[in-house]
Amino acid sequence: MLQIDRILAPTDFSKHSEAAVRTACELADRLGAELHLVHVLSDVVVPAGPDPMLISSMPPEYYREVEAQARRTLETLCPADWPRPRRVVAEARWGDAVDEIHAYAAEQAVDLIVIATHGRTGLAHVLLGSVAERIVREAPCPVLTIRDKKAR
């Protein structure tokens, strides 16, 4: 029998993610599971101009503030009128979204990942890729994808 004690809901704070986080809250509440909310901040360095060697560098305070803001946002993702999981853990990480989500799921022995999918098809899917698709393919546990038709 599948035992679900820890549910991971990665979020990019989009409307699409909101539907997945709400579903994860409801599941965690019904199953008596912990809910883990994770937001991954991109640490990709973007060139500051046409010369790829010219890289923009932000002061360390910028990175600390961005991470602190992400943590504050995570703390408010499950409003009081939503179902309440027995415990909510919020985590902000830096790195590649797929790699960090997989690492977190493995580290925390997550039993289920609930993630939003934007539902792109055709050329948009090919060009933009799909974080959700990679998570489904490579995850260390089952994954439930949520497509929010209202957010389109």
Scope segment 18-36; condition assigned to a strand (DSSP E or B), within 17 Å of D81 (Cβ to Cβ) and either modelled with pLDDT under 95 or touching an Asp or Glu at 6+ places or on another chain (Cβ under 8 Å) (or both); matching residues = none
What are the residues in segment 10-30 that are surrounded by fewer than 18 Cβ atoms within 10 Å (Cβ to Cβ) and either of a type outside the set (D, E, K, R) or free of Cβ contacts under 8 Å to residues at least 12 places away in the same chain (or both), if any?
-> F13, S14
Pairs only if they're at least six apart or on different chains, beta carbon under 7 angstrom, first in segment 128-145 and of a type outside the set (D, E, K, R), second modelled with pLDDT under 85 and part of a helix (DSSP H, G or I); list them, first residue then second.
-> T145/A132
Counting just the residues of segment 118-152 that are surrounded by 14 or more Cβ atoms within 10 Å (Cβ to Cβ) and under 18 Å from E26 (Cα atoms), which one comes out modelled with the lowest pLDDT?
-> D148
Report the residue count in segment 37-62 for those that are surrounded by 10 or more Cβ atoms within 10 Å (Cβ to Cβ), modelled with pLDDT under 80 and within 30 Å of D111 (Cα to Cα).
-> 1
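The values are calculated or read from the model by the stated rules, or taken from the named source; none is laboratory data. This is a predicted model, so every value here is computed, not measured. Reconstructed Cβ throughout: ideal geometry from the backbone, glycine too, with neighbour counts over all protein chains shown.
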